[in-house]
1. Of all residues in the stretch 46-80, which are over 30 Å from residue 109 (Cα atoms) and within 13 Å of the chain's Cα centre (by Cα)?
2. Out of 144, 133, 95, I need the residue that is in a helix (DSSP H, G or I), closer than 19 Å to residue 53 by Cβ, outside the structural domain of residue 50 (by TED's automatic domain parsing) and of a type in the set (Lys, Arg). Which one?
3. Looking only at the stretch 93-126, which residues are hydroxyl-bearing (Ser, Thr, Tyr) and closer than 16 Å to residue 44 by Cα?
4. For residue 102, which of the numbered conditions (1) part of a helix (DSSP H, G or I); (2) surrounded by 11 or more Cβ atoms within 10 Å (Cβ to Cβ) fails to hold?
5. In the stretch 64-92, which residues are of a type outside the set (Val, Ile, Thr), in a helix (DSSP H, G or I), more than 30 Å from residue 40 (Cα to Cα) and in contact (Cβ under 8 Å) with a residue 12 or more places away in the chain?
6. Taking the stretch 19-38, which residues are at pLDDT 90 or above and closer than 23 Å to residue 129 by Cα?
7. With 41, 83 as the choices, which residue is within 15 Å of the chain's Cα centre (by Cα), assigned by TED's automatic domain parsing to the domain that holds residue 31 and not small (Gly, Ala, Ser)?
8. Based on what the data block shows, is residue 41 at negative phi, at pLDDT 85 or above and either loosely packed, with under 11 Cβ neighbours inside 10 Å or assigned to a helix (DSSP H, G or I) (or both)?
Amino acid sequence: MGFARKKITTVILCVLLWVTAANPVFCKTSSEKEMDIKKLLQVSGILDQLDYMQDSLLNNVSMMVTGPFPNVPEAFWGEFNQLIGKKEMDDLVTRVIPVYDKHMSHETVKKLIVMFETPFWNEWKEKMPLISREAGVIGSEWGREHTQSEAFNKKLDGLIEKYELEKLNPPQSEPK
């Protein structure tokens, strides 16, 4: 398996672990509390944040694709952007609901809905996705600058040498 595929697989596994940690086992019929939790996710702006997470995941995977495959036709990207759609995002919401159910009483959920429906929170709900995106870009730039710096790579090379990673992981020849 190539390095890019390992990176893609690692990202996908991390997301799956994060999603499945929500313990998706619950009754198939929606209770009033579950319906209120869905409403809370909507009125609080959390659903918008899940959309941002979807965009971020696809952006990260797309960078891993373009590393080994710099020439990618537009048709690929059209299909690629549909890999995680409404069905998958609905599945994520379904898996997240038990977390809220476990940690919050129905009364608390109802009070939060009332709070998030007040005009006070409208600006927050409107601005939070923009703030998250901009902060995410800054964080990505910082991470890229840091990991590409000479100082970071010198430290990394020192660790690789110190723990003899090259001896522990000899290069494997490609199968012919």
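1. Answer for the stretch 46-80, where residues must be over 30 Å from residue 109 (Cα atoms) and within 13 Å of the chain's Cα centre (by Cα): 58, 59, 60, 61.
2. Only one candidate qualifies: 133.
3. 100, 108, 118
4. With respect to (1) part of a helix (DSSP H, G or I); (2) surrounded by 11 or more Cβ atoms within 10 Å (Cβ to Cβ), residue 102 is out only on (2).
5. 64, 77, 80
6. 36, 37, 38
7. 83
8. yes
The values are calculated or read from the model by the stated rules, or taken from the named source; none is laboratory data. Here the structure is a predicted model, which means the values were calculated and not measured. When we count neighbours, we look across all protein chains shown, and the Cβ atoms used for this are built from the backbone with ideal geometry, even at glycine.
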